[in-house]
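K.L.:
Please find one structure pasted underneath; my questions will follow.
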């Protein structure tokens, strides 16, 4: 007698071990992801090759939107501003966050209170923080008042800057707000990395006569290099996508001196009703961020150390 073949299992028949109730609960989120993310991405790619305005689709224009984008001086001004945010905000956040984490990792008293104070801006609404910074950095605000009082007291010829109305200082006002908002997150991530570093490495370095700076350079920084790489890439993508801070603080002005690329995308889409132009800029920014991240992923092999290696 030949053994009977095993029963065929249907792919479409629910079995008790499939827990179909879980898939049912996931269905709303999956549908939302498909409609508002996947479908939106595909539609934006199609829009970038068409003439699409207030009334919808007009005609297929091929690469004309991208060619017009390369000749747009406002776009390149926004791109230069975004590059400025990248090269200022990201290094300053890493340095300040690491310095704060190193200070809190020394076992000081009331460390929990300091962590709470430093992390509070992270959970604060960006719009509320921007409004407060607008008041602080106005011509009659607290910052300029302190600068003027210092100049009057010392007799130095110091003029308080016009933070929000000058093309020279408007971007720095955005940088100050972003640092205040996000440095606490960097501190928390660095603090977790520092507490996870093997203690025996510090003991061995101390026995070998290494000083504090040498231990920081040859032990601490290599052991947290993977965390530094993560924060660098994460914050770089955030700098490329900066929107709320310049939008609320300066509205991109004066004279587009603080306008970011994402803010220009928003203006093209919802002020000028140029969905095709906005889609082309969005995909240009996506390709640039993807290439930047890919390059950094390749370069990490030269300086990032992983414990499993």
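The values are calculated or read from the model by the stated rules, or taken from the named source; none is laboratory data. Quantities reported herein were computed from a predicted structural model and do not represent experimental measurements. Cβ placement follows ideal geometry from the backbone for every residue including glycine, while neighbour counts extend to all protein chains displayed.
K.L.:
Say we look at the stretch 41-63 and pick out the residues that are assigned to a helix (DSSP H, G or I) and surrounded by fewer than 16 Cβ atoms within 10 Å (Cβ to Cβ); which of these is farthest from the chain's Cα centre (by Cα)?
P.N.:
Among those residues, the one meeting the criterion is 46.
K.L.:
Has the stretch 10-18 got at least one residue that is in a helix (DSSP H, G or I), at pLDDT 75 or above and out of contact with any strand residue (DSSP E or B) (no Cβ under 8 Å at 6 or more places or on another chain)?
P.N.:
no
Yes/no matrix, rows are residues, columns are (1) surrounded by 14 or more Cβ atoms within 10 Å (Cβ to Cβ); (2) under 26 Å from residue 92 (Cβ atoms):
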{"site": "225", "(1), (2)": "yes, yes"}
{"site": "228", "(1), (2)": "yes, yes"}
{"site": "231", "(1), (2)": "yes, yes"}
{"site": "243", "(1), (2)": "yes, yes"}
{"site": "246", "(1), (2)": "yes, yes"}
{"site": "259", "(1), (2)": "yes, yes"}
{"site": "262", "(1), (2)": "yes, yes"}
{"site": "280", "(1), (2)": "yes, no"}
{"site": "303", "(1), (2)": "no, yes"}
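K.L.:
For the structure I just gave you, tell me whether residue 118 is under 18 Å from residue 176 (Cβ atoms) and touching a helix residue (DSSP H, G or I) at 6+ places or on another chain (Cβ under 8 Å).
P.N.:
Here the answer is yes, as residue 118 does meet what is asked.
K.L.:
Another question, if that's okay. Is there a residue in the stretch 250-265 that is in a loop (DSSP other than H, G, I, E, B), touching a residue at least 60 places away in the same chain (Cβ under 8 Å) and closer than 30 Å to residue 200 by Cβ?
P.N.:
no
K.L.:
Go through the residues of the stretch 73-83 one by one and say whether even a single one is surrounded by fewer than 17 Cβ atoms within 10 Å (Cβ to Cβ) and more than 30 Å from residue 183 (Cβ to Cβ).
P.N.:
Yes, the stretch 73-83 contains a residue that is surrounded by fewer than 17 Cβ atoms within 10 Å (Cβ to Cβ) and more than 30 Å from residue 183 (Cβ to Cβ).
K.L.:
Filter the stretch 204-215 for residues that are loosely packed, with under 11 Cβ neighbours inside 10 Å and modelled with pLDDT of 80 or more and give the result.
P.N.:
213 - this is the single residue of the stretch 204-215 that is loosely packed, with under 11 Cβ neighbours inside 10 Å and modelled with pLDDT of 80 or more.
K.L.:
Could you tell me which of the residues 194, 201 is in a helix (DSSP H, G or I) and either free of Cβ contacts under 8 Å to residues at least 24 places away in the same chain or surrounded by fewer than 12 Cβ atoms within 10 Å (Cβ to Cβ) (or both)?
P.N.:
Result of the check over 194, 201: 201.
K.L.:
Also: Filter the stretch 84-106 down to the residues that are more than 23 Å from residue 237 (Cα to Cα) and either in contact with a helix residue (DSSP H, G or I) (Cβ under 7 Å, 6 or more places away or on another chain) or surrounded by 14 or more Cβ atoms within 10 Å (Cβ to Cβ) (or both) and list them by number.
P.N.:
Scanning the stretch 84-106 gives 102, 103, 104, 105.
K.L.:
How many of the residues making up the stretch 204-215 are part of a loop (DSSP other than H, G, I, E, B) and on the phi < 0 side of the Ramachandran plot?
P.N.:
Here the count works out to 3.
K.L.:
If you don't mind, there's one more thing I want to ask. Answer with yes or no whether residue 135 is under 27 Å from the mean Cα position of the chain (by Cα) and crowded, with 18+ Cβ neighbours inside 10 Å.
P.N.:
no
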